[in-house]
1. Out of 58, 63, which single residue is on the phi < 0 side of the Ramachandran plot, surrounded by 14 or more Cβ atoms within 10 Å (Cβ to Cβ), modelled with pLDDT of 75 or more and not small (Gly, Ala, Ser)?
2. Filter the stretch 13-60 down to the residues that are over 14 Å from the mean Cα position of the chain (by Cα) and of a type in the set (A, V, I, L, M), then identify the one that is farthest from residue 74 (Cα to Cα).
3. When only residues in the stretch 6-40 that are assigned to a loop (DSSP other than H, G, I, E, B) and among the small types (Gly, Ala, Ser) count, which is surrounded by the fewest Cβ atoms within 10 Å (Cβ to Cβ)?
4. State all residues of the stretch 29-38 that are of a type outside the set (Gly, Ala, Ser) and within 20 Å of residue 7 (Cβ to Cβ); if no residue qualifies, say none.
Amino acid sequence: MFKKRRNTFEALKSSALMGQAEAQYTLGKLYEYGDSEHLRNLNLAHRWYQKAAAQGHRDARYRLSLLQAIIRTGDSSSDPAENSEAVKVEEQRNNS
């Protein structure tokens, strides 16, 4: 089981490194939330979301904007989409 998950992660990372936006977005989510094998790493999440967003990946652009708001507010303890302060900051930024 462990070897299969590791192979899946390596295939995902390989696809992301080859420039596949969906794989980049998926890696971003993996690093944003973490799992039993990968620690949460908002810097790596940000990096992969940026790569996918640069290719026009809509969900990556959304997650990236929320993550940037979390970074600006300094509250990394919750899901960015559920953090009302982060959402408020991002909406104000987009409206100005």
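The values are calculated or read from the model by the stated rules, or taken from the named source; none is laboratory data. Since this is a predicted model, take the numbers as computed values, not measurements. Cβ: placed from backbone, ideal geometry, glycine included. Neighbour counts: every protein chain shown.
1. One residue alone meets the criteria, 63.
2. The residue in question is 18.
3. If we filter the stretch 6-40 for residues that are assigned to a loop (DSSP other than H, G, I, E, B), which is where we start, we get 18-20, 34-40.
Still in the list and also among the small types (Gly, Ala, Ser): 19, 34, 36.
Numbers: 19: 12, 34: 13, 36: 6.
Filtering the stretch 6-40 for residues that are assigned to a loop (DSSP other than H, G, I, E, B) and among the small types (Gly, Ala, Ser), the one surrounded by the fewest Cβ atoms within 10 Å (Cβ to Cβ) comes out as 36.
4. 29, 30, 31, 35, 37, 38, listed by residue number.
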